[in-house]
Amino acid sequence: MSRLPLLSSTRQQRAVGRNLALDLVAAVGVGVTAALVTTLLPTIARRGGLEPIGLAALAAAPFVANLLGAFAGRVGPGSPRQLALIRAVGAASLLLLVVFSVPPVLIAVTFAFWLSLALSGPFYLRLWGSMYPARIRGRLVGIAGSVRAAAAALAALAGGVIADQFGGLTAVAAAGIVGLACAVAYTGLRAPTAPPLIRFSARDPIRAPRDRPVLSRIAVAQGFYGGGLIAAAPLYAIVNVDRLDLSLSDVGIIGIMTAGATTVFFLIFGAVADRFGPLVAMRIGSTLGLLALIAYALAPDVRVLWVAAVGAGAASASIDVGIAAAVSDHTTIESRAAAMAGWNAITGARGIVAAFTMSVLLQVGIVDVTSGLLLCAVVSGIGVVLYARASLVPVDAAAAIAPAPIADPSRVGRAVGSLRSAVSR
């Protein structure tokens, strides 16, 4: 009699360990492919002669994908096999760059990669929640995030070396092979109970954040802060190539430092969000992100970019953890997927506009790279101020307007599923 609970516990531990091992393999694939797409591809495109408006299209690709992610409730995967298929197709699309390297194909491949993540995120959220007990999810956030960021750091290093020896597009295609192989791991994921297949229309995700005052305030602050960073992103490649004439290895080192900082600060800001609330993490991180943007605008050499990379990596970790924690705190499990899809759709619409705005001003000669980046810093600074002035709804008031949350001892634990869908950001 007494052995039955022990055997049941042992079987559960083995199932969790098996799922976690497969999950981490899949996380490596996402980290490797995302690192090469975000770190090397814009610089490769610029060296190939892509104009600022084309770089803006590259920067806008993940946000267009996020916007279309609002339809994930209709066309997203409904099983681990379908999840693996969608993400494998996204990674495999990078292989096309070996054959076709013209700018339209490069932009289309980038969009296909981010779309695979945006459409599969909501189902992965529910699958994750079904696979792991609530009491350990908080620790798994740090493990998964650290593994993904560490893989991104190693990929940035190896990608830079491969790019200098064999060409940048070869390095990106190699990352696609790694991502394709790792995506197979999703097929082995098993949940004790099948995650509920909740379908939602494209209208539901847009309504979800709007109906929650806390999320609305955070969305406004992130609209300015993130908008400035997004507008600046196409200009980074111009700084790397035109101002500093960096090699792809140099760019790879910057990617390593960014990913390394994300690895460390993911755990730090997870603890901060747990203890002091998500807004504290976001206030600290957004300040670091603003300083990193200013450093990039004024950088006279690559050493300043190293410091900026650390600040940017820390800021990215804080915003990812903070947004996911805030969404999880103010939604029920049933509505969480739609709420996160809605958040992604809203940020996607903002990102499309922001990505093109500064590049158009640069293209027509209204601003140069330095003044453009400083103007982006002003916009992001407004967001930092709004974060500093924002406050969460008091606990009593929140209890009066929000549904009772599912019992879960950790805020970051409740955030884990949502965080996994924010990887395209």
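Here GLY17 does not fit the description of being modelled with pLDDT of 75 or more, open to solvent by less than 40 Å² (accessible area, probe 1.4 Å) and part of a loop (DSSP other than H, G, I, E, B). Exactly one residue out of LEU96, LEU22 is among the hydrophobic types (A, V, I, L, M, F, W, C), open to solvent by 50 Å² or more (accessible area, probe 1.4 Å) and in contact with a helix residue (DSSP H, G or I) (Cβ under 6 Å, 6 or more places away or on another chain), and it is LEU96. For the stretch 267-287, the set of residues classified as closer than 14 Å to VAL378 by Cα and either of a type outside the set (Val, Ile, Thr) or outside any helix (DSSP H, G or I) (or both) consists of SER286 only.
Please work out if SER101 is over 30 Å from GLY372 (Cβ atoms) and among the polar types (S, T, N, Q).
On the way: over 30 Å from GLY372 (Cβ atoms): no; among the polar types (S, T, N, Q): yes.
For SER101, the condition - over 30 Å from GLY372 (Cβ atoms) and among the polar types (S, T, N, Q) - is not met.
Selection of the stretch 282-327 for residues being touching an Asp or Glu at 6+ places or on another chain (Cβ under 9 Å) and open to solvent by 10 Å² or more (accessible area, probe 1.4 Å) yields only VAL302. Any residue in the stretch 232-252 that is surrounded by fewer than 18 Cβ atoms within 10 Å (Cβ to Cβ), among the hydrophobic types (A, V, I, L, M, F, W, C), in contact (Cβ under 8 Å) with a residue 12 or more places away in the chain and within 24 Å of ARG389 (Cα to Cα)? There is no residue in the stretch 232-252 that is surrounded by fewer than 18 Cβ atoms within 10 Å (Cβ to Cβ), among the hydrophobic types (A, V, I, L, M, F, W, C), in contact (Cβ under 8 Å) with a residue 12 or more places away in the chain and within 24 Å of ARG389 (Cα to Cα). Return the residues of the stretch 146-173 that are within 16 Å of SER249 (Cα to Cα), open to solvent by 20 Å² or more (accessible area, probe 1.4 Å) and of a type in the set (Gly, Ala, Ser); say none if nothing qualifies. ALA158, GLY167, listed by residue number. If the condition is being of a type in the set (A, V, I, L, M) and surrounded by fewer than 22 Cβ atoms within 10 Å (Cβ to Cβ), then the stretch 216-231 contributes ALA219, VAL220.
Here the condition is being part of a helix (DSSP H, G or I), without any contact (Cβ under 8 Å) to a residue 60 or more places away in the chain, closer than 25 Å to ALA59 by Cα and aliphatic (A, V, I, L, M); of ALA219, ALA261, it holds for ALA261 alone.
Among the residues of the stretch 52-75, those identified as within 21 Å of LEU127 (Cβ to Cβ) and open to solvent by less than 10 Å² (accessible area, probe 1.4 Å) are ALA65, ASN66, GLY69, ALA70, ALA72, GLY73.
The values are calculated or read from the model by the stated rules, or taken from the named source; none is laboratory data. These numbers were taken from a predicted model, which means no experiment stands behind them. Backbone-built Cβ (ideal geometry, glycine too); neighbour counts: all protein chains shown. In case anyone asks, the SASA skips ligands and DNA or RNA and just uses the protein heavy atoms, side chains included. Shrake-Rupley method; radii C 1.70, N 1.55, O 1.52, S 1.80 Å.
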